[in-house]
Amino acid sequence: SDKGMEETQEFVLEYNLNFSGEDEEVKNIAITASFEEEFLAKVMVNDLKVKGYKCDYFFLPNKSNSKEEVYKVFIGPYDTEEETNQWTKNLELDFEIIKL
């Protein structure tokens, strides 16, 4: 029987990010680091802003279907994936680009 299939289904993280006041065009953000402590996310965001990045952070359970209590730092939003890539290639970080 395929009863066991349900439980082994991989969790698919779905973000629900919307930036109020932005136009309806597709935006791209690059999600980088995760922190359990909010102040660490703030420190990283301030650090990136000093370097000229457009960035912020969010609490994962508020902006996705994940229950994992972490703060995610992201870079953007930028209008194109190319622009997002330009910015992220200067970072020594893993990241995941998401279209909003």
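The values are calculated or read from the model by the stated rules, or taken from the named source; none is laboratory data. Keep in mind that this is a model prediction, so the values were computed, not measured. Every residue, glycine among them, receives a Cβ derived from its backbone with ideal geometry; neighbour counts consider all protein chains shown. Only protein heavy atoms, including side chains, enter the accessible area calculation; ligands, DNA and RNA are left aside. Shrake-Rupley method; radii C 1.70, N 1.55, O 1.52, S 1.80 Å.
Evaluate the stretch 62-73: report whether one residue or more is open to solvent by less than 10 Å² (accessible area, probe 1.4 Å), modelled with pLDDT of 95 or more and assigned to a strand (DSSP E or B). Yes: the stretch 62-73 contains one or more residues that are open to solvent by less than 10 Å² (accessible area, probe 1.4 Å), modelled with pLDDT of 95 or more and assigned to a strand (DSSP E or B). Across the stretch 5-18, the qualifying residues are those that are in a loop (DSSP other than H, G, I, E, B) and open to solvent by 100 Å² or more (accessible area, probe 1.4 Å), and the one among them that is modelled with the highest pLDDT is GLU14. The residue pairs whose first member lies in the stretch 19-37 and is part of a loop (DSSP other than H, G, I, E, B), whose second member is modelled with pLDDT of 95 or more and open to solvent by less than 80 Å² (accessible area, probe 1.4 Å), and whose beta carbons are closer than 8 Å, counting only pairs six or more residues apart or on different chains, are GLU36/VAL70; GLU36/TYR71; GLU37/TYR71. Every condition in (1) open to solvent by 30 Å² or more (accessible area, probe 1.4 Å); (2) at pLDDT below 90 holds for PHE35 except the one numbered (2).
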